[in-house]
Amino acid sequence: MNTPTILVVEDEPSIAEVASLYLKRAGYDVTLVNDGQKALDWLGLNTPDLVVLDLMLPNVDGLEITRWLRTRSDIPIIMLTARREETDRILGLEMGADDYVVKPFSPRELVSRVRAVLRRTQGTAAVGGEPALSFQDLSIDPKTRLVTVAGTEKALTAREFDLLLVLARHPRQVFTRDQLLDSVWGISEFIDPSTVTVHVRRLREKLESDPSKPCHIQTVWGVGYKFEP
Ligand code: CA
């Protein structure tokens, strides 16, 4: 397999250096950019396997970059955010970022989050043999990672797809948010369970004809979520 490439967009030199050093040591091919416009320029010409993206950046901020990227691709995005940027963090997840790390973070935490995201996006795609799942108008193909509703292809981010797949593989089974964090995000200890809530909301907006009265992804009050075929 080729070495996965990672774009790190971060304007604070000390954080950028540490992140880049640890990711390189972990075996990734790392490109470092310290400015939002430069990130867009680079992404216009290159397709990395993952983007580590600071939110507060000179010229073009991280949210803008997330929006721009999501109109073009499903490249996984891990946001770097300060503790006080909670609103932006939620906004970033809603725009399609896959995950976030709160600064100051341990470089090992960043590396394990990158690994977990790449394992999901690259690992799942490589698994062959599992047939597509079909439920009335909804079809989910684990091999091609394609989701269609009434024949129309829906663009899901990597995490949205994985979340949907976990739920749909076990119809009517109730999952707590912690269980979903464990099976979709890989490591739950660093992640806020509201991440699951945000992803469920986005999935409903993309898949349900009336997201406020979802047929497939249902809330089990006080417990979590289940998939209703
Ligand atoms: Ca910054």
Rounded to the nearest Å, what's the spacing between the alpha carbon centres of segment 64-127 and segment 1-59? Just the number, please.
12
Computed [θ] at 222 nm, deg cm²/dmol, the chain (DSSP H ≥ 4; -39,500 (n - 2.57); rounded to nearest 500)
-11000 deg cm²/dmol
Out of LEU181, PHE161, SER209, whose Cα points farthest toward the positive end of the dipole of segment 133-227 (charges: +1 Lys, Arg; -1 Asp, Glu; placed on Cβ)?
SER209
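Suppose every Lys and Arg Cβ carries +1 and every Asp and Glu Cβ carries -1, with no other charges. What dipole size does the chain come out with about its Cα centre, to the nearest 20 debye? Mind showing how you got there, number by number?
On the way: 28 positive and 33 negative charges, 120 e Å.
The dipole of the chain has a size of about 580 debye.
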Among PRO76, VAL149, SER106, whose Cα projects farthest towards the positive end of the dipole of segment 11-153, with charges put on the beta-carbon of Lys, Arg (+1) and Asp, Glu (-1)?
SER106
Need the list of lysines near LYS213 for cross-linking: C-alpha distance under 17 angstrom, and skip anything on the same chain fewer than eight residues off.
LYS226
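Expressed as a whole percentage, what fraction of the accessible surface of segment 81-229 belongs to carbon and sulfur atoms when a 1.4 Å probe is rolled over the protein heavy atoms?
On the way: 3630 of 7030 Å².
Whole-percent figure for carbon plus sulfur exposure: 52.
Quick check: residue separation of ARG84 and THR144 times 0.36 nm, minus the Cα distance between them. What number comes out in nm? Each step should come with its number before you reach the end.
Numbers: separation 60, 0.36 × 60 = 21.60 nm, distance 3.84 nm.
17.8 nm is the gain from fully extending ARG84 to THR144.
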Fraction of accessible area attributable to carbon and sulfur, segment 1-79 (%, probe 1.4 Å)
49
Describe numerically, in nm with one decimal, the distance between label points set 7 Å from Cα along Cα→Cβ at MET56 and at ASN34.
1.7
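Give the accessible surface of segment 5-121 per residue, rounded to a whole number of Å², with probe radius 1.4 Å and ligands, DNA and RNA excluded. Each step should come with its number before you reach the end.
Details: 5260 Å² over 117 residues.
With the other protein chains kept in place, segment 5-121 gives 45 Å² per residue.
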Once you put a point 7 Å from the Cα of GLU17 and another 7 Å from the Cα of GLN136, both along the Cβ direction, what distance in nm separates them?
5.8
Kirkwood Rh for the chain from C-alpha pairs, in Å, is 18.1
The lysines whose Cα lies under 19 Å from the Cα of LYS143, excluding any fewer than 8 residues away in the same chain, are LYS154
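The values are calculated or read from the model by the stated rules, or taken from the named source; none is laboratory data. Here the structure is a predicted model, which means the values were calculated and not measured. As a convention, Cβ positions derive from the backbone with ideal geometry for all residues, glycine included, and neighbour counts pool all protein chains shown. Surface areas here come from the heavy atoms of the whole protein model, side chains and all, with no ligands, DNA or RNA. Shrake-Rupley method; radii C 1.70, N 1.55, O 1.52, S 1.80 Å.
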